[in-house]
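One structure is given below, encoded as structure tokens.
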Amino acid sequence: MNRKYRTTVIAGNWKMNKTPSEVKGYAEELRSILGSRVKWCDIVICAPFVDLPMAVRSFRDLKVGVGAQNVSQFPSGAYTGEVSVGMLKDAGVKYVIIGHSERRQYFAETDESVNAKVLAALEAGLQPIVCVGESLDQRDRGLTLDFVSCQVKAALCGVAPEKARKVIFAYEPIWAIGTGRTATSEQAEEVCRHIRTIVRGLYGARTARATSVLYGGSMNDQNAFELLAQPDIDGGLIGGASLVPAKFAAIVNAANQE
Ligand code: PGA
């Protein structure tokens, strides 16, 4: 983390878990643990679409920002089943995860659709959390840095310099997601630093220095402190451990280290 130059972000990704009626109880439990202590990081919960209005209401006084897990690249119209950036914005949503590996893998998201969604989100004033990361096969073949470079460059294609620093990146090695197998802090730091180098090449040192790069993949209350101690890891995108308020709060507290 480097709190002098950029925001630390601890973001939960609930994936397809929790119903609207479960949101309030979660928020109350989180409130009872976190209290009103000074928080040195931005806290975000990315919830399923139908949970969002309840999440916006329940998390407001906790200063937890609410994010969606996907969004349409189109502004409106005949796209059955889709949700637009304007709808999210109107609902009080501030963030949106774009290009999570589960969406790339199961729902045919491509670098092109990721880029279109990033542009749409930024245009609407939503902060995109763009996920990138290699498969185990790519890592074994030594392709990690090249592959992640391509994903980062594709996501940022056509993003204006003044908007680039709004893009949050999450490095999520596919082999670490939901597997209990976390990247070592050295592996995670190497790729997060590389992402910053790519941003520097595209937008210059000031933007790169201000860009938040998160790590995701089996992050939990046991390994968070060490991961967050790395200079280029500015927070976490947390799946499984974000479903339990006590575990999520412990990661938030790990981000509060000096
Ligand atoms: P995990 O998920 O923490 O359950 O590994 C992370 C993610 O997919 O964002």
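Key figures for this structure:
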read-out	value
Sequence ranges 75-85, 235-245, ranked by mean other-Cβ count within 10 angstrom, highest first	235-245, 75-85
Share of alpha-carbon pairs per 5 Å distance bin for the chain, given as whole %	1, 6, 15, 19, 21, 18, 13, 6, 2, 0
In nm, spacing of pseudo-spin labels at residue 74 and residue 90 (7 Å Cα→C-beta vector)	1.7
For the chain, calculated [θ]222 nm from helices alone, where every DSSP H run of n ≥ 4 adds -39500 (n - 2.57)	-12000 deg cm²/dmol
Average accessible area per residue (Å²) across segment 40-195 - probe 1.4 Å, nucleic acids and ligands excluded	46
Choice from 99, 65, 201 showing the highest fluctuation, given a GNM over the chain with Cα pairs closer than 10 Å	201
Above-threshold pairs, the threshold being 24 Å between Cα atoms, out of 117/153; 4/89; 24/163; 4/153; 24/63	4/89; 24/163; 4/153
The chain, relative contact order in percent, only Cα pairs under 8 angstrom and at least six apart counted	23
Cut-off under 5 Å, modelled amide H: who pairs with residue 214 long-range	169, 170, 171, 234
Surrounding net charge for residue 126, when Lys and Arg each add one and Asp and Glu each subtract one, Cβ distance under 12 Å	+3
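The values are calculated or read from the model by the stated rules, or taken from the named source; none is laboratory data. If you're wondering where the values come from, they're calculated on a predicted model, not measured in any experiment. Ideal geometry is used to build each Cβ from the backbone, glycine not excepted, and the neighbour counts take in all protein chains shown. Ligands, DNA and RNA are stripped out before the accessible areas are found, and what is left, the full protein with its side chains, is counted by its heavy atoms. Shrake-Rupley method; radii C 1.70, N 1.55, O 1.52, S 1.80 Å.
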